[in-house]
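Please read the structure below before turning to the comments.
The values are calculated or read from the model by the stated rules, or taken from the named source; none is laboratory data. This one's a predicted model, so the numbers in the text were calculated from it and none came from an experiment. All accessible areas refer to the heavy atoms of the entire protein, side chains included, with ligands and DNA or RNA removed. Shrake-Rupley method; radii C 1.70, N 1.55, O 1.52, S 1.80 Å.
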Amino acid sequence: PFQVVGGKVKKPGKRGRKPAKIDLKAKLERSRQSARECRARKKLRYQYLEELVSSRERAICALREELEMYKQWCMAMDQGKIPSEIKALLTGEEQGKAQQNSTKLAKVGKTEANGSNP
């Protein structure tokens, strides 16, 4: 009943692990559970993707509105008009620079005053 192949003794029968006696009901239940988990993961993945798409669509709409606003500003400036929003930005920047300069001067003045005292 034994065969000798290449100097090794081989037993007749199947190779590898012997299949364990698995309860068919338990195997089916594991398969069902695995399918349920797979469907749940798929559902979550689709929800995530749908939320991602909707957020990107909102961002696109906001950017289109901003682009349209800039186009309107350019058209107005081509006609020689300065939009009030740009005026506000420019005056705001000028005020901001003036405030920064005044605070810098105040700091310099304080350090010079402290340095002159012995």
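Observations on the structure shown:
- Portion, in percent, of the accessible area of segment 24-89 that falls on carbon or sulfur, probe 1.4 Å: 60 percent
- Maximal additional length on extending the Lys25-Gln79 stretch stands at 11.3 nm, based on 0.36 nm per residue less the C-alpha distance.
- Whole-number accessible area per residue in Å² for segment 24-89, which is evaluated in the context of all protein chains at 1.4 Å: 92 Å²
- Projected over all directions and averaged, the alpha-carbon convex hull of segment 24-89 occupies 5.9 nm².
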